[in-house]
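Read the structure below first, then the notes.
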Amino acid sequence: MNLSRSPYIVEVDDATQTGSKVELYIWTTGSQPADPQYTLSKLIPASNNTKTFYNISPYIREYYTFTTWQNIYNSYDLDISTNYVVNYHIDVYNKIGGVYVVNALESQTGQFMDGYNYYMDGYNSISSTVLLSEGTYFYNHNGALGSAVVINMAGSFNVDINGVAGDVVRYTNLDSGTVNNITATTDGMKTFSRVYLPNIADGNKVEYLGGGSAVRWTGYFKPLCEPKYSPVVVDFLNRYGSWARVFFQKVNKRSVEIKTNEYKFNPSALPFFPTNEGQIKEFNTNGKETIKLNTGWVNDLYGEYLQELLLSEKVTLFDPSYDAVNYTPVKVKTKSLQKQTGLNDGMINYELDFEFAYDLIGTVV
């Protein structure tokens with residue numbers, strides 16, 4: 001799976017070309033369109049430098065649409081929504097003797113998600129099979145609420161199953177050691193619950209087994225019961241362009257900031273003006289709300305997970321104590337994060353600020 005928040009470079013080269021052209025087809029559902037959405041062309045830099053390069057990522061990013069988290073808590077090997085997977089095909093042409101000649105060997109077809117590479121990954125790096133970083137993750141579990149309540153849903157993760165028959169997702173109960181295997185039925189982008197539903201009270205280890213035997217990925221999902229505070233759920237697009245979930249279990253505080261413009265006006269009567277009119281008027285008054293959240297006690301590697309949250313461009317928040325129905329679009333207001341370790345910091349808690357991504361007074365026209 002290619003990642004469109006980083007450059008994706010298509011190189012076109014032929015020793016005899018004086019230029020090149022690529023035709024870019026983009027679609028999300030159905031089959032490849034009949035005509036290209038974009039046609040890009042370049043001349044070679046010099047006769048002794050015939051390589052031409054095209055970055056197609058900005059064109060891909062125009063075709064995503066994102067919905068909120070689907071709240072999967074008891075489904076496995078499920079085809080994901082295609083609205084955040086974009087398909088592409090590129091036809092490549094060399095300009096030779098003033099005529100564009102198709103280069104079928106350099107044509108390519110694939111898929112993108114709206115993730116990114118880190119600098120040290122190099123260019124045109126692809127995502128891993130499991131679209132979630134390995135590690136230990138915590139989720140809320142309050143037995144009185146039931147597993148179907150949003151703040152008890154550990155969430156899900158996506159797997160890019162590409163032509164490998166018999167791949168297995170294995171769930172091992174962290175208390176009893178009971179093992180349950182889910183075998184992928186078909187290729188494609190699949191969703192699996194992070195926690196096998198009977199394991200919700202104990203948590204589980206999850207392994208992705210290539211061909212049913214080779215361990216390619218491991219994650220741990222552990223329950224935390226929070227009897228005092230109502231946890232807040234934050235869903236975001238992670239570095240792989242896949243939805244991820246983090247629970248903020250401890251105290252949260254809301255604030256509001258009001259902004260306005262003002263002007264001075266002349267009284268309605270002079271020289272004996274009515275004092276109840278005042279002298280200063282306000283206009284364009286509006287406000288924004290923020291919320292401060294705390295993770296509760298987490299492990300050393302949680303800083304890496306929250307780094308992906310800070311870098312995300314699509315974040316939603318669910319606070320059942322405030323609104324038990326709607327997911328709220330938010331921006332991460334915190335722009336720096338000191339990554340803590342148990343050795344240096346003892347017990348680790350992260351506090352992040354979020355800003356609701358809309359004005360309090362509706363101004364949509």
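Picking from 128, 255, 45, whose Cα lies most toward the positive end of the charge dipole for the chain (charges on Cβ: Lys, Arg +1; Asp, Glu -1)?
Positive-end residue among those listed: 255.
Based on the Kirkwood radius over alpha-carbon pairs, what is the Stokes-Einstein translational diffusion coefficient of segment 127-225 at 37 °C with 0.692 mPa s viscosity, in µm²/s? Numbers along the way, then the final one.
Numbers: Rh = 13.8 Å.
D = 239 µm²/s.
Under the rule that an exposed site lies in a DSSP loop and has at most 15 other Cβ atoms within 10 Å, name the longest stretch of the chain with no GluC sites (Glu not before Pro) of that kind, not counting the sites themselves.
Numbers: sites that count: 134, 313.
After excluding every exposed loop site, the longest remaining stretch is 135-312.
Please check: in the Gaussian network model of the chain (C-alpha springs, under 10 Å), which one of 44, 90, 348 has the largest mean-square fluctuation.
For the chain, modelled as a Gaussian network with Cα springs under 10 Å, the answer is 44.
Using all Cα-Cα distances in the chain, what percent lands in each 20 angstrom bin from 0 up to the longest?
24, 46, 23, 7, 1
Order 334-342, 140-148, 218-226, 290-298 from most to least packed using the mean count of other Cβ atoms within 10 Å.
On the way: 334-342: 12.1, 140-148: 14.6, 218-226: 17.2, 290-298: 19.2.
Highest-to-lowest ranking by the protection proxy: 290-298, 218-226, 140-148, 334-342.
Please compute the net charge surrounding residue 263, taking Lys and Arg as +1 and Asp and Glu as -1 over other residues with Cβ under 10 Å from its Cβ.
Values: positive: 264, 281; negative: 262, 282.
Net local charge, residue 263 excluded: 0.
About the Cα centre of segment 58-163, what is the dipole size in debye to 20, counting +1 per Lys and Arg Cβ and -1 per Asp and Glu Cβ, all else neutral? Present the calculation step by step, with values, prior to reporting the outcome.
Working: 2 positive and 9 negative charges, 32 e Å.
Around 160 debye, computed over segment 58-163.
First measure r as the distance between the Cβ atoms of residue 280 and residue 55, then evaluate 1/(1 + (r/R0)^6) with R0 = 41 Å and state the FRET efficiency to the nearest 0.05.
Details: r = 52 Å, r/R0 = 1.27.
With R0 = 41 Å, the Cβ-Cβ based efficiency is 0.20.
Starting from the Kirkwood Rh over alpha-carbon pairs, what translational D in µm² s⁻¹ does segment 245-324 have by Stokes-Einstein at 37 °C and 0.692 mPa s? Please report the intermediate quantities before stating the final value.
Values: Rh = 17.4 Å.
For the chosen part, D equals 189 µm²/s.
Could you size up the charge dipole of segment 117-192 around its Cα centre, putting +1 on the beta carbon of Lys and Arg and -1 on that of Asp and Glu, and report it in debye to the nearest 20? The partial results should precede the final answer.
Values: 2 positive and 6 negative charges, 36 e Å.
Computed about the Cα centre, the dipole is about 180 debye.
What does the charge dipole of the chain about its Cα centre add up to, to the nearest 20 debye, if the Cβ of each Lys and Arg holds +1 and the Cβ of each Asp and Glu holds -1? All intermediate terms of the calculation are to be shown ahead of the outcome.
Working: 28 positive and 37 negative charges, 120 e Å.
With only Lys, Arg, Asp and Glu charged at Cβ, the dipole is about 580 debye.
Tally Lys and Arg at +1 and Asp and Glu at -1 over the other residues with C-beta under 14 Å from the C-beta of residue 119: what net charge comes out? Spell out each step's value before the answer.
Numbers: positive: 5, 239; negative: 121.
Charge balance in the 14 Å sphere: +1.
Between segment 110-189 and segment 274-324, what is the separation of their alpha carbon centroids in Å?
Measuring centre to centre over Cα atoms gives 28 Å.
Give me the net charge of residue 281's neighbourhood, meaning all other residues with Cβ under 11 Å from the Cβ of residue 281; Lys, Arg count +1, Asp, Glu -1.
Result for the local shell: -2.
Rule-based calculations on the coordinates, nothing more; no lab input. No experiment lies behind these values; they were computed from the predicted model shown. Methodologically, a virtual Cβ is constructed for each residue, glycine included, from the backbone with ideal geometry; neighbour enumeration extends over all protein chains shown.
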